[in-house]
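Reading through the structure tokens given below for one structure.
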Amino acid sequence: MSTNGICSHIDAVTEIKRPKERVCEDCVKIGAEWVHLRTCQECGGTRCCDSSPNRHATKHSHATGHPVIASAETGERWLYCYPDDAFAEY
């Protein structure tokens with residue numbers, strides 16, 4: 001993907017990781033619900049968005065340092081980088 005040099009993290013993504021299952025793997029463990037799903041482009045884990053009560057995708061990024069997520073929603077084709085607050089469509 002290319003951000004024209006704005007974000008080296010997104011520029012480093014060469015293949016989009018897709019969700020293995022359409023669930024937040026952390027919400028499932030605690031019986032919680034989610035709004036939208038995001039897939040980590042470092043490890044491939046899928047977690048809930050910031051509109052969800054538990055905000056697991058953001059918590060995962062901060063805890064692990066994994067910078068880039070992709071929307072796991074049908075029809076959405078974008079990446080987001082937490083450290084650079086950068087967005088790119090693909």
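The values are calculated or read from the model by the stated rules, or taken from the named source; none is laboratory data. Everything quoted here is computed from the prediction, not taken from an experiment. Heads up, the Cβs are rebuilt from the backbone with ideal geometry, glycines too, and the neighbour counts pull from every protein chain shown. Surface areas here come from the heavy atoms of the whole protein model, side chains and all, with no ligands, DNA or RNA. Shrake-Rupley method; radii C 1.70, N 1.55, O 1.52, S 1.80 Å.
For Thr46, state whether it is among the β-branched types (Val, Ile, Thr) and closer than 22 Å to Thr3 by Cβ. No: the conditions fail for Thr46. Looking only at residues in the stretch 43-90 that are modelled with pLDDT of 95 or more and of a type in the set (Phe, Trp, Tyr), the one that is farthest from Thr14 (Cα to Cα) is Tyr82.
Whenever a residue of the stretch 44-71 is touching a residue at least 40 places away in the same chain (Cβ under 8 Å), its partners that are of a type in the set (S, T, N, Q) and open to solvent by less than 60 Å² (accessible area, probe 1.4 Å), lying with C-beta atoms within less than 9 angstrom and at least six residues away or across chains, give the pairs Pro67/Gln41; Pro67/Ser61; Val68/Gln41; Val68/Ser61; Ala70/Thr39; Ala70/Gln41. When restricted to residues that are farther than 18 Å from Ala63 by Cα and either under 11 Å from the mean Cα position of the chain (by Cα) or surrounded by 14 or more Cβ atoms within 10 Å (Cβ to Cβ) (or both), the stretch 23-34 contains 3. The residue list Ile10, Ile6 contains one member that is in contact (Cβ under 8 Å) with a residue 60 or more places away in the chain, touching a strand residue (DSSP E or B) at 6+ places or on another chain (Cβ under 9 Å) and open to solvent by 20 Å² or more (accessible area, probe 1.4 Å), which is Ile6.
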